[in-house]
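Visitor: Dropping a structure here in structure tokens format, bear with me for questions.
The values are calculated or read from the model by the stated rules, or taken from the named source; none is laboratory data. The model shown is predicted, which means the values in this text are computed figures rather than measured ones. All Cβ positions, even for glycine, are placed from backbone atoms using ideal geometry, and neighbour counts span all protein chains on display. Ligands, DNA and RNA are stripped out before the accessible areas are found, and what is left, the full protein with its side chains, is counted by its heavy atoms. Shrake-Rupley method; radii C 1.70, N 1.55, O 1.52, S 1.80 Å.
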Amino acid sequence: MSHQVLARKWRPKSFETLVGQPHVVRALTNALEQQRIHHAYLFTGTRGVGKTTLARIIAKSLNCETGITAKPCGVCNACTEIDKGRFVDLLEVDAASNTQVDAMRELLENAQYAPTSGRFKVYIIDEVHMLSKSAFNAMLKTLEEPPAHVKFILATTDPQKVPVTVLSRCLQFNLRQIASPTIITHLQDVLTQENIPFELTGVQLIARAAEGSMRDALSLTDQAIAYGNQAVNEADVRSMLGAIDQSYLFDIINALMNEDGAALIAKAQEMEARSISFEAALNDLAKLLHQIAIAQTVPESISPDLPERETLLQLAQTLSAEQLQLYYQIALLGGRDISLAPDEYAGFTMSLLRMLAFSPAESFSAQKKNSVNPTVAPAVTTTQAPVRNAVAALQETKQQIEMTKPAAATHQPAIEPIVVETSIEPSSTLTEEDEAPASDKSSAFDGNWRTLIERHLKLGIARALAQNCEMLSYDENSITLRVAEEQKHLISATYQEKLSTAINNHFNKKIKLHFKIDNEANTPAKQQAEEKAVIQSTAEEAIMNDAFVKALIQDLDAKIIPNSIKPTT
């Protein structure tokens, strides 16, 4: 027996087996059960979402020997002949190859004759928007008042090109692109029944590449089975699709967070050595940044079975919304302009360096450390002088606010806390900032947790956890930290390990960290938010009390745009 491709073998033969279009199935099922049958239907939607499949199911529902029904039997002569594509009273016309008026007139002339063996003559006209203007005009009268035994089912991927005179004569249904989770579930079911071993991540990659088309998903699955020698696994699917391994993208984002230009270039060179498409890489990077932004705004919308879910949530806590928007925009523009670059490698690396150059980081230490030519440094310093002055002024304001606050260590929890302890051996590798003797560092620590974070914790993940902790107490061998209830997800093994390593490296000895979860915590992140609010409020008050602004409001009926006031310090 010859092999049948999955897209044909698993083509739905009833409304119950149709996947991803419940709104259309419900409307058609109710209409058939109530015998409220329209003479013309128009199905619109992108490729592979079920337009022609629905048309054939309707043809079976109308001609099934058990009667007009929403559940055709599938075994009678009419049902089996329609499934095989040789039912005499079902005429499928490809409008893309029959665009002329003569073909349409011949079709309509035959419509007046009674069906040969079925209850209705069903005309399925695919890609109906391809018909010429004369052909549309020829079918208008028949479409408006067809014989009782004739039903028209039109399908198109471009309804904008169908004349409104035709649209008004049809019952129109818009088929949606099928969601990735729905495609994944269906592919898993198909592969299980086909006894094909598969990896979930490989199926997810296929669903993502299908872009809402179930037919494309099944075709890609067929290709993946052949490519992987009767198996669907992640590595083969990535190779087949030319997809970028997510680890590359996470490494790139981590390098951006750490302001590590050398790591960015090294990763780009590694990708070039493996002949990975840089245009696809920028596209995938934009998709990943979009996922992180969604995780940052609506974390519960990230699917629990997504392999990189935990990493996405961690990055969402580490990256600011400003950074995400900046990186996303640069990735989009880089993908658009990569064809104008000297080569793809240059376009890709310049996009990454642009992200690094415009990143809203608080320090420029990484740029200094990764500078290949030291003679460039004075020019960079000159151009960044206004930014440094602004940051210094802001820090001075923050310090004034900080002086009015009680010490963090004196604030005690209001309820009995939950204690989570971690003890991780210190890393043997010290950073450049931590090369001072341990005694000097220990004696220099005065209990100011926020200062310790801002001056010595530069790594993204460790800093993210530290900024959301309030230090309750400390001694030579341990530090007790409090985390607010809404931030308790940060106390994961990965975050704890990074923070513990950073603390141990700084003090050059093992420091045991104790974590407590409380309703509230006066963390550096919370303090910074409050300080920004105070600075913003002061700026707004200064604007509103300015004599010139008052005169503009009074004399010219001017209005202040609420979000336009930005403090300069």
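Visitor: How many residues are among the small types (Gly, Ala, Ser), open to solvent by less than 30 Å² (accessible area, probe 1.4 Å) and in a helix (DSSP H, G or I) if we restrict to the range 70-115?
Guide: 2
Visitor: Write out, first by first residue and then by second, each pair whose Cβ atoms fall under 9 Å of each other, whose residues are 6+ apart or on separate chains, and whose first residue, in the range 182-200, is farther than 21 Å from ARG238 by Cα while the second is among the β-branched types (Val, Ile, Thr).
Guide: Here the result reads GLU194/ILE225, each pair linking the range 182-200 to a residue that is among the β-branched types (Val, Ile, Thr).
The rows are residues; the columns are (1) open to solvent by less than 60 Å² (accessible area, probe 1.4 Å); (2) part of a helix (DSSP H, G or I); (3) at pLDDT 85 or above.
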| position | (1), (2), (3) |
| --- | --- |
| ASP284 | yes, yes, yes |
| LEU324 | yes, yes, yes |
| TYR328 | no, yes, yes |
| LEU332 | no, yes, yes |
| ARG336 | no, yes, yes |
| TYR345 | yes, yes, yes |
| ALA361 | yes, no, no |
| VAL372 | no, no, no |
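Visitor: Would you mention how many residues in the range 116-143 are open to solvent by 10 Å² or more (accessible area, probe 1.4 Å), assigned to a helix (DSSP H, G or I) and either within 19 Å of SER61 (Cβ to Cβ) or among the aliphatic types (A, V, I, L, M) (or both)?
Guide: Number satisfying all stated conditions: 3.
Visitor: Being of a type in the set (D, E, K, R), in a helix (DSSP H, G or I) and without any contact (Cβ under 8 Å) to a residue 12 or more places away in the chain is the requirement here; does LYS532 meet it?
Guide: Yes; evaluated as a whole, the condition is true for this residue.
Visitor: Inspect the range 163-178 for any residue being part of a helix (DSSP H, G or I) and within 31 Å of the chain's Cα centre (by Cα) and give the result as yes or no.
Guide: No - not one qualifying residue is present in the range 163-178.
Visitor: Within the range 53-78, can you find the residues that are touching a residue at least 60 places away in the same chain (Cβ under 8 Å) and in contact with a Lys or Arg (Cβ under 9 Å, 6 or more places away or on another chain)?
Guide: Listed by number, the residues that qualify are ARG56, ILE58, ALA59, LEU62, GLY74.
Visitor: Just need a number here: residues in the range 257-266 that are within 16 Å of MET350 (Cβ to Cβ) and crowded, with 20+ Cβ neighbours inside 10 Å.
Guide: Selection size over the range 257-266: 2.
Visitor: Any chance the range 517-524 includes a residue that's in contact with a His (Cβ under 9 Å, 6 or more places away or on another chain) and in contact (Cβ under 8 Å) with a residue 40 or more places away in the chain?
Guide: yes
Visitor: Here's another thing I want to ask about it. Which residues, taken from the range 150-205, are within 30 Å of ALA114 (Cβ to Cβ) and surrounded by fewer than 17 Cβ atoms within 10 Å (Cβ to Cβ)?
Guide: Passing the criteria: PRO163, THR165, LEU167, SER168, LEU171, GLN172.
Visitor: Can you tell me which residue among LYS121, LYS84 is in contact with a Pro (Cβ under 8 Å, 6 or more places away or on another chain) and at pLDDT 85 or above?
Guide: Among LYS121, LYS84, only LYS121 is in contact with a Pro (Cβ under 8 Å, 6 or more places away or on another chain) and at pLDDT 85 or above.
Visitor: Given the structure, is ALA7 aliphatic (A, V, I, L, M), farther than 13 Å from ASN174 by Cα and surrounded by fewer than 20 Cβ atoms within 10 Å (Cβ to Cβ)?
Guide: Considered against the rule, which asks whether it is aliphatic (A, V, I, L, M), farther than 13 Å from ASN174 by Cα and surrounded by fewer than 20 Cβ atoms within 10 Å (Cβ to Cβ), ALA7 comes out as yes.
Visitor: May I pose another question? Could you tell me which numbered condition PHE250 fails, if it satisfies all but one of (1) closer than 29 Å to ILE461 by Cβ; (2) more than 19 Å from the chain's Cα centre (by Cα); (3) outside any loop (DSSP other than H, G, I, E, B)?
Guide: With (1) closer than 29 Å to ILE461 by Cβ; (2) more than 19 Å from the chain's Cα centre (by Cα); (3) outside any loop (DSSP other than H, G, I, E, B) applied to PHE250, the lone miss is (2).
Visitor: Inspect all residues belonging to the range 531-540 and state whether any of them is buried (at least 18 other Cβ atoms within 10 Å of the Cβ), at pLDDT 85 or above and under 18 Å from GLN317 (Cα atoms).
Guide: No, the conditions are met nowhere in the range 531-540.
Visitor: With respect to GLU520, is the statement that it is modelled with pLDDT under 85, open to solvent by 30 Å² or more (accessible area, probe 1.4 Å), within 27 Å of ARG309 (Cα to Cα) and assigned to a helix (DSSP H, G or I) true?
Guide: So GLU520 fails the test.
Visitor: Could you say which residue among LYS526, LYS559, LYS550 is surrounded by 14 or more Cβ atoms within 10 Å (Cβ to Cβ) and of a type in the set (Lys, Arg)?
Guide: Of LYS526, LYS559, LYS550, the one residue that is surrounded by 14 or more Cβ atoms within 10 Å (Cβ to Cβ) and of a type in the set (Lys, Arg) is LYS526.
Visitor: Now, a different point. In the range 217-237, what residues are closer than 24 Å to ALA179 by Cα, part of a helix (DSSP H, G or I) and not charged (D, E, K, R)?
Guide: ALA217, LEU218, SER219, LEU220, THR221, GLN223, ALA224, ILE225, ALA235, VAL237
Visitor: Looking at the range 22-48 only, could you name the residues that are surrounded by 18 or more Cβ atoms within 10 Å (Cβ to Cβ) and more than 17 Å from ALA59 (Cβ to Cβ)?
Guide: THR44, GLY45, GLY48
Visitor: Would you be able to say whether some residue in the range 292-311 is on the phi > 0 side of the Ramachandran plot, loosely packed, with under 13 Cβ neighbours inside 10 Å and free of Cβ contacts under 8 Å to residues at least 40 places away in the same chain?
Guide: Within the range 292-311, not a single residue is on the phi > 0 side of the Ramachandran plot, loosely packed, with under 13 Cβ neighbours inside 10 Å and free of Cβ contacts under 8 Å to residues at least 40 places away in the same chain.
Visitor: Within the range 272-282, restricting attention to residues that are out of contact with any Gly (no Cβ under 7 Å at 6 or more places or on another chain) and without any contact (Cβ under 8 Å) to a residue 40 or more places away in the chain, which residue is surrounded by the most Cβ atoms within 10 Å (Cβ to Cβ)?
Guide: Per the criteria, the residue is ILE276.
Visitor: Output the residues belonging to the range 179-192 that are of a type in the set (Gly, Ala, Ser) and either touching a Leu at 6+ places or on another chain (Cβ under 7 Å) or not in a helix (DSSP H, G or I) (or both).
Guide: ALA179
Visitor: Something else: Identify, from the list GLN467, GLN487, the residue that is under 25 Å from GLU310 (Cα atoms), at pLDDT 85 or above and open to solvent by 30 Å² or more (accessible area, probe 1.4 Å).
Guide: GLN467
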